[in-house]
Each structure stands twice: as structure tokens, then as C-alpha cells.
């Protein structure tokens, strides 16, 4: 059963140089209980895509399309209706815990606020719930730690605190934005294990640039380039064979695969390349690619790829 259907999602930011087309007509269907990863280079539109689902972007932003969550179009909701879903139905694990956490409030106060936002509970019940959440994300000495501030937490503990805030209301749909960014290998492993645990019986949208993390957590992966999907595939199939030339280059650029860089630089989100957006960097570019923008073809095995090399594969 589908829990979310995203259709023609477009997000643009007005600037003095022109409109930054950060997300470009994205279509995506997410099944209930599925963990889906969104991968791509920095600046590909991953975080903007995540924020736009919860409408956490600025009012002056140009937004089009629909995001239907369990039959409700989030794009048409007023702010009060949307606040009723945030946290309770739709949880967010923010990136960059050091800037996401309030340095002037204790960790306990911040998690307690997230836990009590949709229900009236007294201080004793709130503290009890906060303690339970901290223990759930495996923060040792939770009773003491809840009285401490963000600067007293290590990087891994800050990430756990942010995860605790995201799951405080036991949301049905969880968005995790770069939850392992900047963590060392051991801490990253522990956070990945925690994410696998907290996403049980939930649906999760994971934003990451880390192929190893995505492989361990996700059922399906969408590859973004200049604000649009160039490939969507089940994890096993994608890690065996990459179809789109950008996906292939993205995998080869990873340290364990030799760190072979993709030639050239991503195009401008203000002045998008004509034709295929990857064609200026593509080693398999054809004349057609320079003039026509390829659709997202669906192969017989269900994989989707935005490349004319697969025009006859449907």
C-alpha cells in the first residue's frame, strides 16, 4: 500500500541572478514500510526535496506539484493542519546536530518539547517520556544526560539526541537528512544500527551521499542530479549494475571504488543545460542528448532510468 505519492514536485528559489530550480518535477511513490534513499552530489537537491515534503522552506519559494500523504495533499494544507501532522505522523531527523540543537536549552528540554508538542502532559510525565526516548536511542546515564547541554555531548551523542527528537512522537513516516555526515567509522556504524532499529514498522526517507549507509538501510534508492531523478532502483540491483552514466560515475567516485572523479562540474541550477542535464559531463553522450531532455524510462524489471541508451527497453 502506498503511503506517499509525490507528483510533479517543483521547488525554485528566487535570487538576484535568477530562479534556482532546486527540485525539478519529481515523481515518486513510496510504499508503507519502505526505506528509500535519496543520493546525489552536494547541490543535487536532496535536502530541499526533503524539506519541501514537510513544507519547511521559505514562503517566497516557488513550489508546485502535489505531495499526497495517506490521501491528504500536504501542499494544500493550511499551517495549522500541517502542524498537526509534523512530529506525530511525519518526523524529521535534521542534519548538522551542532546547528540543529539549541545551545541554550538542555537536551532533556528539547526532547521533552518534541515529545509533548501534541499532548498535554505534566512535568513528571514529560520527564519520564524524555528519559524513555533517550534510553531508546542508547544514551548512557540518560537521567544525568538529559540535564546537560549540546556542547557537553560528543558528535555521535548529538546525532542520537537529534534522532530522539525526530522519533519523540513515534511518527509513521520518518525523514532522516544526512544522519551520518561527519561521523567517524565506528560512530557511523552505531548510528546506522540505531536508524535500522527506529525505522522498524515505519516508512523512512533517507537523505545521504554515503553509498555504504544507504546499502545497509534502504530497500530502494533514487539518484538525483540537478534536481531530478536519473535512476531509481532496488538496492541489490543498483549495487550490482548502475544504468545511468552519472550513477556509474557516482559509484566510481567513492573511496572504496578508486575515487575516480566524474569529469567536469555540475551545471547551473539557474541555467540548466539544454537536453540531458548530464550530457556536458557524460562519456556516452550522443547528439540527441544535447538537444532532447530524456524522460524517466521504466525497464521491464521495474528499474527507472533517465537516459536515451534505454529508450527501447520499456
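Could you say which residue among 137, 117 is over 30 Å from residue 258 (Cα atoms) and exposed (fewer than 15 other Cβ atoms within 10 Å of the Cβ)?
117
Please enumerate the residues belonging to the range 181-192 that are part of a helix (DSSP H, G or I) and either in contact with a helix residue (DSSP H, G or I) (Cβ under 6 Å, 6 or more places away or on another chain) or within 27 Å of residue 248 (Cα to Cα) (or both).
Passing the criteria: 185, 187, 188, 189, 191, 192.
Scan the range 123-137 and tell me whether some residue there is at pLDDT below 90 and part of a loop (DSSP other than H, G, I, E, B).
No: the range 123-137 contains no residue that is at pLDDT below 90 and part of a loop (DSSP other than H, G, I, E, B).
Restricting attention to helices (runs of 4 or more DSSP H) lying wholly within the range 7-100, give those where 3 or more residues are at pLDDT below 95 and over 18 Å from the mean Cα position of the chain (by Cα).
Fully inside the range 7-100 and qualifying: 79-85.
Select, from 277, 303, the only residue that is surrounded by 13 or more Cβ atoms within 10 Å (Cβ to Cβ), within 28 Å of the chain's Cα centre (by Cα) and more than 16 Å from residue 25 (Cα to Cα). Walk me through how you get there before you give the answer.
Numbers: 277 fails: more than 16 Å from residue 25 (Cα to Cα).
Of 277, 303, the one residue that is surrounded by 13 or more Cβ atoms within 10 Å (Cβ to Cβ), within 28 Å of the chain's Cα centre (by Cα) and more than 16 Å from residue 25 (Cα to Cα) is 303.
Go through 183, 174 for me and flag whichever is over 24 Å from residue 90 (Cβ atoms), within 18 Å of the chain's Cα centre (by Cα) and surrounded by fewer than 23 Cβ atoms within 10 Å (Cβ to Cβ). Talk me through it step by step, then tell me what you get.
Details: 174 fails: over 24 Å from residue 90 (Cβ atoms).
Result: 183 is the single residue among 183, 174 that is over 24 Å from residue 90 (Cβ atoms), within 18 Å of the chain's Cα centre (by Cα) and surrounded by fewer than 23 Cβ atoms within 10 Å (Cβ to Cβ).
Could you tell me whether the range 245-252 includes any residue that is surrounded by 15 or more Cβ atoms within 10 Å (Cβ to Cβ), at pLDDT 95 or above and touching a strand residue (DSSP E or B) at 6+ places or on another chain (Cβ under 6 Å)?
Yes, because at least one residue in the range 245-252 is surrounded by 15 or more Cβ atoms within 10 Å (Cβ to Cβ), at pLDDT 95 or above and touching a strand residue (DSSP E or B) at 6+ places or on another chain (Cβ under 6 Å).
Is it the case that the range 217-226 has a residue that's surrounded by fewer than 20 Cβ atoms within 10 Å (Cβ to Cβ) and closer than 19 Å to residue 41 by Cβ?
No, there is no match, as no residue in the range 217-226 is surrounded by fewer than 20 Cβ atoms within 10 Å (Cβ to Cβ) and closer than 19 Å to residue 41 by Cβ.
Report yes if some residue within the range 77-84 is in contact with a helix residue (DSSP H, G or I) (Cβ under 9 Å, 6 or more places away or on another chain) and touching a residue at least 40 places away in the same chain (Cβ under 8 Å); otherwise report no.
No, there is no match, as no residue in the range 77-84 is in contact with a helix residue (DSSP H, G or I) (Cβ under 9 Å, 6 or more places away or on another chain) and touching a residue at least 40 places away in the same chain (Cβ under 8 Å).
Residues are listed down the side, and each one gets a yes or a no for (1) surrounded by fewer than 18 Cβ atoms within 10 Å (Cβ to Cβ); (2) at positive phi; (3) outside the structural domain of residue 198 (by TED's automatic domain parsing):
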| site | (1), (2), (3) |
| --- | --- |
| 21 | no, no, no |
| 33 | yes, yes, no |
| 51 | no, no, no |
| 60 | yes, no, no |
| 65 | yes, yes, no |
| 70 | yes, yes, no |
| 84 | yes, no, no |
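The values are calculated or read from the model by the stated rules, or taken from the named source; none is laboratory data. Note that the structure is predicted; figures quoted are calculated from it, not measured. Cβ: placed from backbone, ideal geometry, glycine included. Neighbour counts: every protein chain shown.
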